[in-house]
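Notes for the one structure printed next.
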Amino acid sequence: MSHSGPSAVAITLSEAERAELVRRTEMPHRRSAEKARIILACADGMSNASVARLVGVQAKTVGKWCRAFAAQRMAGLEDAGWIGRPKADLSLDDAERQQLQQWARQGQLTDMAGCVHVGACQYRREAGRLR
């Protein structure tokens with residue numbers, strides 16, 4: 001079904017690609033299903049603007065995924081890694097893990113200055129007085 005309007009990238013699918021994209025439209029991951037619907041609609045000859053209205057995204061999003069699919073086929077639909085500094089791995093030894101569990105059970109946390117936090121109150125550990 002052809003619609004008027006520009007479609008910057010012509011998409012032709014193999015039977016295997018079409019079957020995989022149809023399978024992805026039924027996935028619970030919204031983004032994967034959305035990208036699959038975009039490619040299927042573009043392969044059916046719809047314009048970027050028509051696909052955008054159908055899927056509920058911007059036309060530039062349709063163009064982005066069509067270009068990615070045309071360049072790398074199915075691999076082009078995979079999300080890139082996260083932007084920015086990766087999360088630091090938190091590694092605790094057994095003593096640290098045990099102390100955190102104890103504090104959690106007691107509802108206390110001690111900050112770097114040696115202050116114990118209990119609810120909204122803050123106590124200086126060595127002095128035992130309210131701060």
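The values are calculated or read from the model by the stated rules, or taken from the named source; none is laboratory data. Just so you know, these numbers come straight off a predicted model, no measurement behind them. No Cβ is skipped: glycine too gets one built from the backbone with ideal geometry, and neighbour counts run over all protein chains shown. Just the protein is used for accessible areas: all its heavy atoms, side chains included, with ligands, DNA and RNA removed. Shrake-Rupley method; radii C 1.70, N 1.55, O 1.52, S 1.80 Å.
Numbers for the structure displayed
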| item | result |
| --- | --- |
| Count - residues of the stretch 30-77 that are among the charged types (D, E, K, R) and free of Cβ contacts under 8 Å to residues at least 40 places away in the same chain | 6 |
| Members of the stretch 73-87 found to be of a type outside the set (Asp, Glu) and open to solvent by less than 90 Å² (accessible area, probe 1.4 Å), listed by number | 73, 74, 75, 76, 77, 81, 84 |
